[in-house]
Amino acid sequence: MVEPIDYAAIRKLLRSKDYPWDVSVPFGKNIERLIDECFCVPNAEIQIPLLTAYACIPSALCDKLPVLFIYGAEGCGKTELSSIYAAIHQTQVFAASSTFASIRNEIDNKRFQFFNVDGTDFQQKLEKNFCLVLDNLNKETLSNDQLYTLLLTGYNRHSSNTIISVETGKNRTFSTFCPKVLSSIHGLFSEPRYRELGRRCLYISMKPIERLTKADSPNRMTRENDPGQWDLSVLASQYKEFWSNRDNLSRFLVIRDSIPTKINTPISTAYLSLCLDMIASAIVAGVWHNFDDALSCLETYWSSRTEHTEAVPLVEVLRNFIQQQKEVSERNGLRLTTLEPYALKQFLVFAVQQAWLDNNPSSYELAEALKSLGFMRTRDAKGVWKWIGQ
């Protein structure tokens with residue numbers, strides 16, 4: 001008889017090497033290094049600090065938090081990046097097909113813990129730091145009213161209670177407050193019906209490595225390491241140790257209390273208030289030196305965020321196509337003056353396949369979008385799109 005093989009043990013050996021944590025630098029700098037080594041992040045000077053800041057959040061200390069929304073085409077590393085947050089909080093990465101009940105139970109079970117008081121039978125309910133991670137979000141996911149409400153209301157501790165019906169037929173109050181990491185290939189929240197949730201999101205845009213260009217300002221063009229090679233349990237232990245340190249807790253309270261109530265900034269007051277707890281925790285963790293550094297990063301992000309959330313999706317897709325065509329022309333020592341119809345048609349088909357667009361635009365929609373970008377179609381036989389300026 002052939003002895004059974006413990007494949008799980010063999011698989012574990014492949015990840016037996018802990019992530020090389022550097023105890024000489026702050027918690028935030030270790031997370032920042034992990035993201036920098038393992039992911040090619042566009043607009044890295046802004047997006048990597050924001051990704052790192054969100055990983056440092058101690059939710060049990062916070063009152064308001066944005067939702068982290070990572071979006072981009074297939075193969076850009078969204079799921080692997082989301083798994084970093086799951087590893088820090090020792091939670092699972094939920095698929096878009098997960099039920100509301102399973103997600104609700106995860107929040108209930110991981111966010112709170114009961115402790116016996118002084119060796120007695122009396123149990124005290126204490127809140128733990130927690131983060132919900134939901135991968136490959138889509139329109140079908142958001143069509144679930146209960147799940148959409150969970151995502152929509154869970155940004156503010158003081159307005160996060162929702163009433164749900166349980167198996168016994170009775171109603172029960174459930175708190176949806178916690179950090180949430182969502183990922184999707186769809187730019188969902190630019191649509192009017194999801195805009196309310198979109199206003200509370202911290203957008204992170206990713207691209208597949210093969211589509212990255214220097215114009216994207218990435219931290220690197222090739223990955224230095226694969227996060228799958230390491231046992232990432234060290235992230236959870238270091239996170240727990242960091243936020244169990246009373247000096248760090250005191251610093252968080254002092255920094256949070258020192259942030260001025262009136263700030264001269266282009267960021268909307270409502271959005272800035274969402275980010276203040278995240279900023280305070282990131283300063284404690286060493287992501288930013290002080291509030292001014294954090295505000296500068298957030299203001300730069302805000303200007304690009306406004307452009308993204310108010311943009312027409314078709315225009316953004318066409319803008320990417322034009323940028324690619326410009327780079328091809330420049331490599332050949334030429335200046336881009338026309339767009340070839342066949343190349344544009346193929347790109348739009350690809351955009352639909354990648355879910356950047358829901359469907360192919362009509363001729364009128366395409367003409368209007370390209371006109372806004374400075375191109376009009378010629379009336380000759382070739383019918384190319386010619387640059388006319390904006």
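The values are calculated or read from the model by the stated rules, or taken from the named source; none is laboratory data. Quick caveat: nothing in here was measured; it's all calculated off a predicted structure. Note that each Cβ is placed from the backbone with ideal geometry, even for glycine, and that neighbours are counted across all protein chains shown.
Can we say ALA270 is assigned to a helix (DSSP H, G or I), more than 30 Å from ASN320 (Cα to Cα) and more than 19 Å from the chain's Cα centre (by Cα)?
Against the criterion (assigned to a helix (DSSP H, G or I), more than 30 Å from ASN320 (Cα to Cα) and more than 19 Å from the chain's Cα centre (by Cα)), ALA270 qualifies.
Just checking, how many residues over region 10-36 are assigned to a helix (DSSP H, G or I) and either at pLDDT below 95 or of a type in the set (Ser, Thr, Tyr) (or both)?
Total meeting the criteria: 5.
Please indicate, with yes or no, whether at least one residue in region 97-120 is touching a strand residue (DSSP E or B) at 6+ places or on another chain (Cβ under 8 Å), at positive phi and surrounded by 13 or more Cβ atoms within 10 Å (Cβ to Cβ).
no
I need a count of the residues in region 182-239 that are in contact with a Phe, Trp or Tyr (Cβ under 8 Å, 6 or more places away or on another chain) and within 30 Å of SER159 (Cβ to Cβ).
Count: 18.
Taking SER205, is it on the phi > 0 side of the Ramachandran plot and at pLDDT 80 or above?
Here the answer is no, as SER205 does not meet what is asked.
Do we find that ASN332 is more than 23 Å from the chain's Cα centre (by Cα) and modelled with pLDDT under 90 in this structure?
Answer is yes for this residue.
Residue by residue through region 174-187, note down the ones that are assigned to a strand (DSSP E or B) and over 15 Å from ASN109 (Cα atoms).
LYS180, VAL181, LEU182, SER183, SER184
Taking TYR239, is it assigned to a helix (DSSP H, G or I), aromatic (Phe, Trp, Tyr) and at pLDDT 90 or above?
yes
Any residue at all in region 308-327 that's closer than 24 Å to GLY154 by Cα, out of contact with any strand residue (DSSP E or B) (no Cβ under 8 Å at 6 or more places or on another chain) and surrounded by fewer than 19 Cβ atoms within 10 Å (Cβ to Cβ)?
yes
When the residues of region 242-266 are filtered to those that are among the hydroxyl-bearing types (Ser, Thr, Tyr) and in a loop (DSSP other than H, G, I, E, B), which remaining residue is surrounded by the fewest Cβ atoms within 10 Å (Cβ to Cβ)?
Applying the filter and picking the extreme gives THR261.
SER237 passes all but one of (1) surrounded by fewer than 16 Cβ atoms within 10 Å (Cβ to Cβ); (2) touching an Asp or Glu at 6+ places or on another chain (Cβ under 7 Å); which number fails?
Exception for SER237: condition (2).
Condition test on GLN113, is it farther than 20 Å from ARG200 by Cβ, among the polar types (S, T, N, Q) and modelled with pLDDT of 75 or more?
So GLN113 passes the test.
Of the numbered conditions (1) closer than 30 Å to ILE31 by Cβ; (2) among the acidic types (Asp, Glu); (3) over 20 Å from the mean Cα position of the chain (by Cα), GLU365 fails exactly one; give the number of that condition.
Unmet for GLU365, out of (1) closer than 30 Å to ILE31 by Cβ; (2) among the acidic types (Asp, Glu); (3) over 20 Å from the mean Cα position of the chain (by Cα): (1).
Considering only residues that are within 28 Å of ILE185 (Cα to Cα) and in a strand (DSSP E or B), which ones fall in region 120-142?
The answer is LEU132, VAL133, LEU134.
Confirm whether ALA294 is assigned to a helix (DSSP H, G or I), farther than 12 Å from LEU61 by Cβ and either not assigned by TED's automatic domain parsing to the domain that holds CYS201 or not charged (D, E, K, R) (or both).
yes
What are the residues in region 47-83 that are part of a helix (DSSP H, G or I), among the small types (Gly, Ala, Ser) and under 13 Å from the mean Cα position of the chain (by Cα), if any?
ALA53, ALA55, SER82, SER83
More than 28 Å from SER97 (Cα to Cα) and part of a helix (DSSP H, G or I): which single residue out of GLU196, GLU210 fits that description?
Matching residue, one of GLU196, GLU210: GLU210.
Quick grid of which residues meet (1) surrounded by fewer than 17 Cβ atoms within 10 Å (Cβ to Cβ); (2) touching a Leu at 6+ places or on another chain (Cβ under 7 Å); (3) at pLDDT below 95; (4) not polar (S, T, N, Q):
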residue	(1), (2), (3), (4)
PRO66	no, yes, no, yes
GLY72	no, no, yes, yes
GLY75	yes, no, yes, yes
TYR85	no, no, no, yes
ALA95	yes, no, yes, yes
